[in-house]
Every structure is written in C-alpha cells, then in structure tokens.
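See below for the structure under consideration.
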Amino acid sequence: MKKIVINGANGYVASNFINELLQKNYRVIALARSNTKFSAEDRMKAALLDMNEGESVDFSNLEVHDYSLFEADFSLQPEELETIFGGDVDYFHFAASLKFDIKSKEEIFGTNLQGVTNSVDTFLKYTQSDSRFFFVSTAYSCGNIKGTFEERFYDNAEIDAFRNYYEQSKRYAENVIRKYIDEKGLNACILRLSQVVGNNQTGVTKTDYGIFDFSKRMQNIALKYPGRKVRVKIDPASTQNLIPIDTVVTYLMSAVKAENAPVILNMIAKTSITNADLLRGLGELLPINLVPDLNLQRDEMDSLERIIAVGMSFTGAYIDTDISFDTTQLDSIVKDEVTAVTPESIRNMLEYFLNGMASKKSGQTLQNVG
Ligand SMILES: NC(=O)c1ccc[n+]([C@@H]2O[C@H](COP(=O)([O-])OP(=O)(O)OC[C@H]3O[C@@H](n4cnc5c(N)ncnc54)[C@H](OP(=O)(O)O)[C@@H]3O)[C@@H](O)[C@H]2O)c1
C-alpha cells in the first residue's frame, strides 16, 4: 500500500483525511508545526482525538515530523527526508493561510505561494518519479468569474478579478504548479475545495470558517441583545456551496485510489444552500431575527447593523454568489456515494457549533428558541 505524506496535517481538513487513512490502514507521515506549548506530534494527536470525541485512536501507522514550510529541506536532515519521501508516495500539500485581508497580504502570499514553491522543490528533490503531488486549492480561485468554472488552469489576474487576496494567492499557486508540470514534469493534481462544513451524518462541526464565523458573530449579538430584529446585507436567494467534511474525505480517498488522477478536480457540493435557509436555521437556534436585505444601504443601518456589516468584511464578499462548477473530471474518479447538505443537516451543524461556542463561554448549552 502506498505511503501518504501530508503537510499542514493538524488542520481541519487534513486531520479528518488522516483519520480516515489510518482507519483504512494506510501508512501516514504527517508534517506539522510545533508551537511554544506543544510538539508537532502532540498537536497532530490532539486534532485526531478531538475529532473522535474522546474515542481511542490507533496511532500505530502514524509518524509525525516537525517541519518548517519556508526553510530549505523543511529544516530537516536529508536522511530524514529520504525516509519521508522514499518509495511510492502520494504527497498532499494542505498548509495555507486562510486569511484574506490586505493587512495579511504578506503572510497570505508567503504561505500560499512561497510555501508551495518550497514544498514542490523539496518533493522533487527527494521523491521518485511515480510519486504524486496533490495541491489543495480552493474552488474560489475562480474569482469573480461569470459562467462555469471549469476543471482547467486559468491565467493569473489582478486583484480586482477576485474577492480577496486568499483567492488570488491560490490562483497564483495553481499556476506555479502548472509551471512545474510543464517545465519539470511534476506529477501533480490540483484539488479545488469549496467551503468545507461539518459532518453531514453526525452534525459534528470542528471548523469556525465561513458561515460558522458569521454564526459566531450573530451568537455574540443575540446574547447581548436578545430578541432584536437585525437587517443584514445578504441576498436571500443566492446560494452557498457548502461541502460536508465526510464528502471531502470521500473525494480525497477517491483521488488516492485513482491510478490516473486528472490534473484538476473541482471538489464541490452538487447542491447549494440558499442564504435564506441558512438565516432561517440561525433564527431557530438563536434569539435573533435576521432579516436579509441586499439593498440595505449603510446610511439606513442602525448602529448594531453597522457593526455587523463591518464584521462581515469576509462573509460579505460571498453574499450574492451563484457560481457554477464543472465536475466532469471529479465524477470520473469518485465511485462511492456522497451526501450533500440539506437545510436540516446544516442546521444540525450550526447547532453543534453554537453549542460548543456557548459552552466554552458560559458552561451552558443553547436552547432551541425556534
Ligand atoms: N476550510 C475550507 O472551507 C476550505 C475551502 C477551500 C479550500 N481549503 C483549503 O484546504 C486546506 C486546509 O484548510 P483547513 O480549513 O483545514 O485550514 P486550517 O484548519 O486552518 O489548517 C491550515 C493548516 O495549514 C498550516 N499552516 C498555516 N500556515 C503555515 C505555515 N506558515 N507553515 C506551516 N504550516 C502552516 C496550519 O498549521 P498551524 O496549525 O501550525 O497554524 C494548519 O495545519 C487549505 O489549503 C485551504 O486553503 C479549505
């Protein structure tokens, strides 16, 4: 069985993938960072234990290495890298900055561009020719595209073609991979994920990205001003492409199993959820009446609505999106059934997430106020 090497391994998506790989008896080498308090190994194991909600995890096929994404040879010894990358390897590059604002531009491009370049260089230096490089990108590298986003490369573009620097950095990184494919024969596959949410079967949600970040903000407001009606600048009919983490894992496993993985795979959800459904779910869970109004002007907002609008600087870029994604290549490799989110399953995820937030704050859980 081939060996799977993964960087950014303790992150949300990567650790869910590793959990499945270990359950299917793959040998996994995880590259993660240590921090001032915990070793890379402790952080990796903590992520796996957290997602299994206290159940025991078999770590016998897992090896963890502390690395530095930006340093030559990841700051590891050549002998260690020969062991990591030796043999038939599928290498997944997950590490990324998910920030988006102009203040973080240097960090975003440093991690998402220089980090990727160093990762490919290290991979090419230490692997054998059959090994594959999987780059985890985002479906939102599409930027402000009109029409269908196809499973092919798109040229680099200036920032006004994107919603934020995160999207632009991922487009640039995809084109770095394209150059390595063309010039150095890199055996690569680009995996474009849409917005990843919780587990569609269990509702367990361990991410606070995107809609969960928005719901956390709404929860804070609902706790301070219970029962308030608040207008938010959102198009109720527009949709969010939300992909459950269990579906993402099935897609990633399909990529591992595919003997000839296509160069680009749009790993997105086949059905989307409307903003109206999301706001309804939140309204049932929190004592707040959220009223979508895409035409709401800043000078019509009250002070609370203005605070919310500022807090929506990221989510706000996605309030009126209806992007169509081609998935012909994805469909050609996925043999297993996957599920898509429904208004009910997303509500379960929101409930799990908000309960976790509430109990962190006050030791209490939410009541269903709907
Ligand atoms: N979540 C989504 O909805 C979504 C959607 C589309 C695409 N993606 C892509 O999926 C991948 C994983 O996302 P995620 O949601 O799992 O994010 P995450 O939980 O924030 O994980 C990000 C990982 O990257 C690592 N990382 C960040 N900066 C680093 C650096 N300078 N050096 C080394 N490691 C660094 C983090 O390590 P530390 O813990 O040490 O900081 C963490 O392990 C990313 O490439 C992201 O762009 C995610």
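Here are a few things to note about the model shown:
- For segment 31-43, the set of residues classified as buried (at least 18 other Cβ atoms within 10 Å of the Cβ), near the ligand (Cβ under 9 Å from one of its atoms), more than 11 Å from ALA95 (Cα to Cα) and of a type outside the set (Gly, Ala, Ser) consists of ARG43 only.
- Being more than 24 Å from SER68 (Cα to Cα), surrounded by fewer than 20 Cβ atoms within 10 Å (Cβ to Cβ) and at pLDDT below 95 is a description that applies to ILE145.
- The condition (being touching a residue at least 12 places away in the same chain (Cβ under 8 Å) and assigned by TED's automatic domain parsing to the domain that holds ASN112) is satisfied by just one residue among GLU71, GLU55: GLU71.
Residue by residue, here is whether (1) away from the ligand (no atom under 16 Å from the Cβ); (2) at pLDDT below 95 holds:
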site: TYR26; (1), (2): yes, no
site: ILE29; (1), (2): no, no
site: LEU48; (1), (2): no, no
site: GLU53; (1), (2): yes, yes
site: PHE59; (1), (2): yes, no
site: PHE70; (1), (2): no, no
site: GLN77; (1), (2): yes, no
site: PHE94; (1), (2): no, no
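- Some residue of segment 206-214 being within 16 Å of the ligand (Cβ to nearest atom), in contact with a helix residue (DSSP H, G or I) (Cβ under 7 Å, 6 or more places away or on another chain), among the hydroxyl-bearing types (Ser, Thr, Tyr) and in a loop (DSSP other than H, G, I, E, B): yes
- Matching entry among VAL89, VAL136 (being out of contact with any Asp or Glu (no Cβ under 8 Å at 6 or more places or on another chain), within 15 Å of the ligand (Cβ to nearest atom) and of a type in the set (Val, Ile, Thr)): VAL136
- Qualifying position, being charged (D, E, K, R), buried (at least 20 other Cβ atoms within 10 Å of the Cβ) and modelled with pLDDT of 95 or more, among GLU158, GLU167, GLU106, GLU150: GLU167
- Number of the exception - GLN128 against (1) closer than 18 Å to ALA261 by Cα; (2) buried (at least 16 other Cβ atoms within 10 Å of the Cβ); (3) in contact with a helix residue (DSSP H, G or I) (Cβ under 9 Å, 6 or more places away or on another chain): (2)
- Filter pass, LEU242 being in contact (Cβ under 8 Å) with a residue 24 or more places away in the chain, of a type outside the set (Asp, Glu) and more than 16 Å from the ligand (Cβ to nearest atom): no
- Taking the criterion of being surrounded by fewer than 20 Cβ atoms within 10 Å (Cβ to Cβ) and touching a helix residue (DSSP H, G or I) at 6+ places or on another chain (Cβ under 9 Å), the residues of segment 257-268 that qualify are LYS257, ALA258, ASN260, PRO262, VAL263.
- PHE38 more than 24 Å from VAL196 (Cα to Cα) and outside any loop (DSSP other than H, G, I, E, B): no
- Residue match in segment 167-179 (condition: within 25 Å of PHE133 (Cβ to Cβ), assigned to a loop (DSSP other than H, G, I, E, B) and away from the ligand (no atom under 13 Å from the Cβ)): no
- Exactly one residue out of TYR318, TYR352 is in contact (Cβ under 8 Å) with a residue 12 or more places away in the chain, of a type in the set (Phe, Trp, Tyr) and within 30 Å of PHE135 (Cβ to Cβ): that is TYR318.
- Condition met for VAL196 (at pLDDT 95 or above, within 14 Å of the ligand (Cβ to nearest atom) and either over 14 Å from the mean Cα position of the chain (by Cα) or closer than 30 Å to LEU296 by Cα (or both)): yes
- Among residues of segment 6-24, those that are within 13 Å of the ligand (Cβ to nearest atom) and farther than 15 Å from LEU193 by Cα, counted: 8
- Residues (among the hydrophobic types (A, V, I, L, M, F, W, C) and modelled with pLDDT under 90) located in segment 319-336: ILE319, ILE323
- Residue match in segment 7-15 (condition: over 18 Å from LEU191 (Cβ atoms) and not in a strand (DSSP E or B)): yes
- One residue stands out in segment 96-114 among those that are within 11 Å of the ligand (Cβ to nearest atom) and of a type in the set (A, V, I, L, M): the one that is farthest from VAL13 (Cα to Cα), namely ILE108.
The values are calculated or read from the model by the stated rules, or taken from the named source; none is laboratory data. Worth saying up front: this structure is predicted, and the values here are computed from it rather than measured. So basically every Cβ, Gly included, is an ideal-geometry build from the backbone, and we count neighbours across all protein chains shown.
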